[in-house]
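J.: Pasting a structure here, questions to come.
The values are calculated or read from the model by the stated rules, or taken from the named source; none is laboratory data. Computed from a predicted structure; not experimentally measured. Neighbour counts are summed over all protein chains in view; Cβ atoms, including those assigned to glycine, are modelled from backbone coordinates with ideal geometry.
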Amino acid sequence: MSSQHYRNKAASRESMAAYILIAPAIILFLVIGLFTVGFSLWLSFYHLPQGSLISNAKFAGLDNFKDFLLGRDQIISEKFWLALKNNMILCISMVFLVIPISLLISILLQSITKGVRFFRTLFLLPMVTSSVAIYYVWTGIYDPEGSINQFLKAVGLIDAMAVNGWLGELNTALPAIIVVIVLGGVPGTMILYFAGLQTVDPHLYESADIDGANFWQKLVNVTWPILRPITIIAIIINLNGALQIFDQVWVMTKGGPAGTTEVVSVLMFKEAFVNRNGDLGTANAMGWIMFLFTFVLSLISIKSFKDKT
């Protein structure tokens, strides 16, 4: 037999071994991943009261979607549109606050020559810290006896204090949540920009310096165009994060006070597992609407940035 035959046989064995090694992951994905997605889609067309057996599910067609989208069920519809409004406020905050803050911090970190490791670790520390622990710390800071109120009291701004805590007032609860979410979103986005900045040719900055460009001119005309593809990724990641936010709100406010911080994921959880009159079908229908909404929003973001390139 020729050497080519043995090489082909060895390659065939390697391919077979590779398929065997990845088979458990593929099977796990098919059984758990695709099955749960398919089951969720199926359930969105059925009525299934909370705590009921699957055998008790009753076909509802599009009624679940009509209930919260078109107002057939006024209560759940009002809650959904308020929650979606809060999600959109978070989306705007993530895009217009996280993106520029992360970019500026990345540029500053790149320009630092001493203590760069310390500052990188400082900004990335939230990523390796338990998120739930961080939210409990912030809850304490926002408490009526927390750090913010104590500081305001110490400097004589008693009228500016939140009597019920910053998470307990109707007009401050959502902004307080936004601060936590924005600060939590900065480290991950900052990593993307910091990696992108390593690809910028230093000669471009030198040419800009010769032309007399200041910091902002170099940022707009040199840095930003090169980082535009990364910005698309950062926007999509932050939009998806804002539309899927759950643990921050659940740990800190559970959607209160009076629904001012409730987002769709929290509303879905309550509808599926908390509210006595909740319906698993309605909760899954909300999930699919949010999936489509997120998908369309991501496509719009990609297209809008591509059109500018």
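J.: Mind checking whether some residue in the range 140-147 is at pLDDT 90 or above, assigned by TED's automatic domain parsing to the domain that holds M88 and closer than 21 Å to G188 by Cβ?
T.: Looking for residues that are at pLDDT 90 or above, assigned by TED's automatic domain parsing to the domain that holds M88 and closer than 21 Å to G188 by Cβ, one finds none in the range 140-147, hence no.
J.: Exactly one of (1) in the same structural domain as V186 (by TED's automatic domain parsing); (2) surrounded by 17 or more Cβ atoms within 10 Å (Cβ to Cβ); (3) over 18 Å from V266 (Cα atoms) is unmet by L70. Its number?
T.: (2)
J.: Identify all residues within the range 183-194 that are closer than 13 Å to I233 by Cα and not hydroxyl-bearing (S, T, Y); write none if there are none.
T.: Residues satisfying the conditions are G188, M190, I191, L192.
J.: Quick one: which residue in S106, S40, S77 is among the hydroxyl-bearing types (S, T, Y), closer than 26 Å to I235 by Cβ, part of a helix (DSSP H, G or I) and at pLDDT 80 or above?
T.: S106
J.: Looking at F123, F119 in this structure, which one is in a helix (DSSP H, G or I), buried (at least 16 other Cβ atoms within 10 Å of the Cβ) and either in contact (Cβ under 8 Å) with a residue 40 or more places away in the chain or not small (G, A, S) (or both)?
T.: Going through F123, F119 in turn, just one is in a helix (DSSP H, G or I), buried (at least 16 other Cβ atoms within 10 Å of the Cβ) and either in contact (Cβ under 8 Å) with a residue 40 or more places away in the chain or not small (G, A, S) (or both): F123.
J.: Scan the range 178-233 for residues that are out of contact with any Phe, Trp or Tyr (no Cβ under 9 Å at 6 or more places or on another chain) and outside any helix (DSSP H, G or I) and jot them down.
T.: Those that are out of contact with any Phe, Trp or Tyr (no Cβ under 9 Å at 6 or more places or on another chain) and outside any helix (DSSP H, G or I): Q198, T199, V200, D201, D211, G212, N214.
J.: Same structure, new question: Determine if the range 162-176 includes at least one residue that is assigned to a helix (DSSP H, G or I) and either of a type in the set (V, I, T) or more than 31 Å from the chain's Cα centre (by Cα) (or both).
T.: The answer is no; no qualifying residue exists.
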